[in-house]
Amino acid sequence: MKKSLALAAVLGVATLLATPVVGNAAEITSGGTTTATVGLEQDPSAQLALTKAPTIEFGSEKIGAGELHLKATSVDDDITVENPGLADGWQVTVAGTQFTSSSSKTLTGAELKFAEGTVAAVGENSSEAPASSAVTVAGDDSTIFSASQNAGLGTWGNKHELSDVTLDIPAGNVAGTYTSTLTWTLTSAPTVPAA
């Protein structure tokens, strides 16, 4: 009789230990989810802006019987575009007049060329970068800096080193100081496909 009571007592303890504590079960979890939300509103007056473009100097060179191939001696600014979150894409074009002197002489056959520049964001930026293109400046617009849809957001610069900007002058020109007027134009380009 004593043996069976002892066994019953042991079984009772085992049953008690195996029974979950139901009162606290709802407070114990393995994880969960929440959300964080932010709204970004487009300013209806927001516009693209071309804030900088370079002035180029080639210094003075002695002319001779042959052609001249000059590198810039000064490129004072990067081509800089500010885009306040407009996703259509954009392009910067450049056009130039013929090089002429104050006495209306023309630098015949001269070619001003930009190699591809180095593109970098101004400040921290997670947007896809715009692209720089090599151009020979002419009377018609040539695209030198552009962004596809959803790219080029924020502020971006297109930097040209002195060796990136060249002027080729064929033989047959006379001495003088010649100037070309460069026209830089920024336009929205909604038809440019996403990269």
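The values are calculated or read from the model by the stated rules, or taken from the named source; none is laboratory data. The model shown is predicted, which means the values in this text are computed figures rather than measured ones. Using ideal geometry, Cβ is built from the backbone for each residue, glycine included, and neighbour counts are taken over all protein chains shown.
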Residue under evaluation G59, criteria (1) crowded, with 16+ Cβ neighbours inside 10 Å; (2) out of contact with any Gly (no Cβ under 9 Å at 6 or more places or on another chain), criterion not met: (1)
Report yes if some residue within the range 115-124 is at positive phi and among the small types (G, A, S); otherwise report no. yes
Evaluation of A120 against (1) in contact with a Lys or Arg (Cβ under 8 Å, 6 or more places away or on another chain); (2) in contact (Cβ under 8 Å) with a residue 40 or more places away in the chain; (3) over 29 Å from V174 (Cα atoms); (4) aliphatic (A, V, I, L, M) (one fails), failing number: (2)
Return the pairs, sorted by first residue and then second, in which the second residue is not in a strand (DSSP E or B), the first residue lies in the range 132-160 and is of a type in the set (F, W, Y), the beta carbons are less than 7 Å apart, and the residues are 6+ apart or on different chains. F145/P130; W156/V122; W156/A129; W156/P130
Looking at the range 168-184, which of the residues that are part of a strand (DSSP E or B) and more than 27 Å from the chain's Cα centre (by Cα) is farthest from T108 (Cα to Cα)? T179
Output the number of residues of the range 53-106 satisfying the condition of being over 15 Å from P170 (Cα atoms), part of a loop (DSSP other than H, G, I, E, B), in contact (Cβ under 8 Å) with a residue 24 or more places away in the chain and of a type in the set (D, E). 3
Name the residues in the range 42-52 that are part of a loop (DSSP other than H, G, I, E, B) and closer than 21 Å to S146 by Cβ, would you? A46, Q47, L48
For the range 148-161, which residues satisfy the criterion of being under 24 Å from T55 (Cβ atoms) and part of a strand (DSSP E or B)? T155, W156, G157, N158, K159
Yes or no: A87 under 31 Å from the mean Cα position of the chain (by Cα), of a type outside the set (F, W, Y) and at pLDDT 95 or above? no
